[in-house]
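Right, one structure below, let's go through it.
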Amino acid sequence: LIVLALLIVGAAAYAFSTRKALSPAEPVNEAPGAVAAMRYTNFEHDFRFTYPEGYVLTEAERGDAHRGHYQVMLVAEENAVPPENGEGPTAITVDVYQNDIDQQPVMNWITTTNIANFKLGDGKLAERRVGGEAAYTNTWSGLYEGKTTTFAHGDDIIAVSVTWLTPEDEILEAYEHVLDSFEFGQFDPPVLNEDATPQ
């Protein structure tokens, strides 16, 4: 039992030590006259994107022991603290769903799960490319108007969604900014000092 416990602890320590870190967003220099932007990199799932300044980024693991689900959320600074007893703010979310077990094709995932809200829309899908991957966008209506663009990369299915109140809302431009800037690759993680602070 002692040997087994040591093996488990050792395996856990190794897994923790080799797990890729997530980086905080950092400013990026874009073309003159372009909107000031921040870059977010996810070293766990090997993607990054930029988004306009003025948004608060949060991230969290929302899956369980059976399926991974990592979420990155962008909310405009003025809406970052929702009113008490009020609905959540409009937002952009990047949801990464583990797909190596089920290995569902993207189209099947969109139309058979409730995650992309396909059944809340008009049943149409628009094709585009995101980070070089084939992607499909569907619009839907709920508490807010919404749009989800879904694509596969490696062992994951990634759904990038936005909610808005009116077609003039700036968050729709920010959403397109995120999708247009999506990149995949093995990016170098930040160097950690003694206090484990990314540099």
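The values are calculated or read from the model by the stated rules, or taken from the named source; none is laboratory data. Computed from a prediction, not measured in an experiment: that's the story for all the values here. Using ideal geometry, Cβ is built from the backbone for each residue, glycine included, and neighbour counts are taken over all protein chains shown. Protein only, heavy atoms only, side chains kept; ligands, DNA and RNA dropped before computing areas. Shrake-Rupley method; radii C 1.70, N 1.55, O 1.52, S 1.80 Å.
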Could you report the accessible area of R62 in Å², rounded to 10, computed with a 1.4 Å probe on the protein chains as they sit in the structure? 140 Å²
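How charged is the neighbourhood of I92? Take every other residue with its Cβ under 12 Å from the Cβ of I92, and add Lys/Arg as +1 and Asp/Glu as -1.
Numbers: positive: K147; negative: D95, D169, E170, E173, E176.
Taking every other residue near I92 into account, the sum is -4.
If you stretched the chain out fully between N114 and E127, how much longer would it get, using 0.36 nm times the residue separation minus the C-alpha to C-alpha distance? Walk me through the intermediate numbers first.
Numbers: separation 13, 0.36 × 13 = 4.68 nm, distance 1.96 nm.
Answer, rounded to one decimal: 2.7 nm.
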So for D155, D169, what's the accessible-area order with a 1.4 Å probe, most first? D155, D169
Candidate residues L120, L165, L172: accessible-area rank, largest first, probe 1.4 Å: L165, L120, L172
Taking all protein chains in place and a 1.4 Å probe, what share, in percent, of the accessible surface of the stretch 44-162 do carbon and sulfur account for? 46 percent
Could you sort T58, T137 by their accessible area in this structure, using a 1.4 Å probe and putting the largest first? T58, T137
